[in-house]
Amino acid sequence: MPFSTGQLTHNLEVGVAIVSNKKEKLSGIHKFGYNSSVGTAYETIWDGGGVYTFPSSATTATVTSASGATDSGVQVYIEGLDANYVVQSETVTLNASGTFTTTNTYLRLHRAYVAGSTAASGDITITVDSLTVAKILSAYQQTEMLVYTVPAGHTAYLLQVDAGVQKEKEIVAKIMTREENGVFLTKGILASFATPVARKFDIPMMLPEKTDIRIDAKAGATTEITGEFEIVLEAN
């Protein structure tokens, strides 16, 4: 179905209309990421550091707090995709050891955050398929990961990508996408010196279902780098 046919008559800004379900078959995704130590080699903008690796098979997710028993009872919300790339989510409660293994299996993990009224004292690591796929740093109580995978039965339209640097240094960021059974391709490059850089796509980048997306960056010297992107999802 063409992107434009999802529009309904209304007087709202398009973003407000999407999140308030006034655009038929459309939904919005806002992703943001943070990497505290990016050097002269490309790393993904996420709080785990290094280049992000997507799992190759769906397994249960293990949620572990670095503070162990201190975080017993902390609730963690997890959202991702199952083996068929269908969206699923759950809220788990860390046990007396500060850990929990989910019943659901995940092929992708999109975000996680501390739910409920008790904050986590330690950093929380989530593993799938023997890989660290998400981290919740105690300073933020929420994942900061600029990675995403388009769910089954949806087409994604990438609208905007932003990146920022903490030091007065050069920054280069590249938009990386991989369709199912393919390899990661560079679909865009942003560069700046000492100031935030943004790329708005007047003609959105169209990405089919099961496409992996990540934003990688490098800098002239080790520094903190942040980033965001916005996507409109259309149900097929």
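The values are calculated or read from the model by the stated rules, or taken from the named source; none is laboratory data. This is a predicted model, so every value here is computed, not measured. As a convention, Cβ positions derive from the backbone with ideal geometry for all residues, glycine included, and neighbour counts pool all protein chains shown.
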Query raised in the report: Residue check, Gln166 against (1) more than 15 Å from Gly33 (Cα to Cα); (2) modelled with pLDDT under 95, all met but one. Which one?
Result: (1)
Report task. Name every residue in region 151-174 that is farther than 14 Å from Thr226 by Cα and crowded, with 17+ Cβ neighbours inside 10 Å, in order of residue number. Result -> Pro151, His154, Thr155, Ala156, Tyr157, Leu158, Leu159
Report summary line: Picked from region 201-236 (must be under 27 Å from Ser37 (Cα atoms) and over 19 Å from the mean Cα position of the chain (by Cα)), the residue surrounded by the most Cβ atoms within 10 Å (Cβ to Cβ) is Ala219
Requested in this report: Can you confirm whether region 44-65 contains a residue that is touching a Gly at 6+ places or on another chain (Cβ under 6 Å), acidic (Asp, Glu) and either in contact (Cβ under 8 Å) with a residue 24 or more places away in the chain or crowded, with 16+ Cβ neighbours inside 10 Å (or both)?
Outcome: no
Query raised in the report: Quick check: anything in region 130-150 over 30 Å from Thr103 (Cβ atoms) and surrounded by 15 or more Cβ atoms within 10 Å (Cβ to Cβ)?
Result: no
Query raised in the report: All but one of (1) touching a helix residue (DSSP H, G or I) at 6+ places or on another chain (Cβ under 8 Å); (2) of a type in the set (Ser, Thr, Tyr); (3) not assigned by TED's automatic domain parsing to the domain that holds Val128 hold for Ser97; which doesn't?
Result: (3)
Report summary line: Checked Ile215, Ile203 against criteria (within 21 Å of Leu107 (Cβ to Cβ), in the same structural domain as Thr44 (by TED's automatic domain parsing), of a type in the set (A, V, I, L, M, F, W, C) and assigned to a strand (DSSP E or B)); the one match is Ile215
Report summary line: If we ask which residues in region 193-229 are free of Cβ contacts under 8 Å to residues at least 40 places away in the same chain and of a type in the set (A, V, I, L, M), their number turns out to be 4
Query raised in the report: In region 183-200, how many residues are in a loop (DSSP other than H, G, I, E, B) and surrounded by 11 or more Cβ atoms within 10 Å (Cβ to Cβ)?
Result: 3
Report summary line: Taking region 104-117 and the residues there that are in contact with a strand residue (DSSP E or B) (Cβ under 7 Å, 6 or more places away or on another chain) and of a type in the set (S, T, N, Q), the one that is surrounded by the fewest Cβ atoms within 10 Å (Cβ to Cβ) would be Asn104
Requested in this report: Filter region 89-101 for residues that are surrounded by fewer than 17 Cβ atoms within 10 Å (Cβ to Cβ) and touching a residue at least 24 places away in the same chain (Cβ under 8 Å) and give the result.
Outcome: Thr91, Ala96, Ser97, Thr101
Requested in this report: Could you tell me which residue of region 47-82 is modelled with the lowest pLDDT, considering only residues that are charged (D, E, K, R) and within 14 Å of Ala134 (Cα to Cα)?
Outcome: Asp47
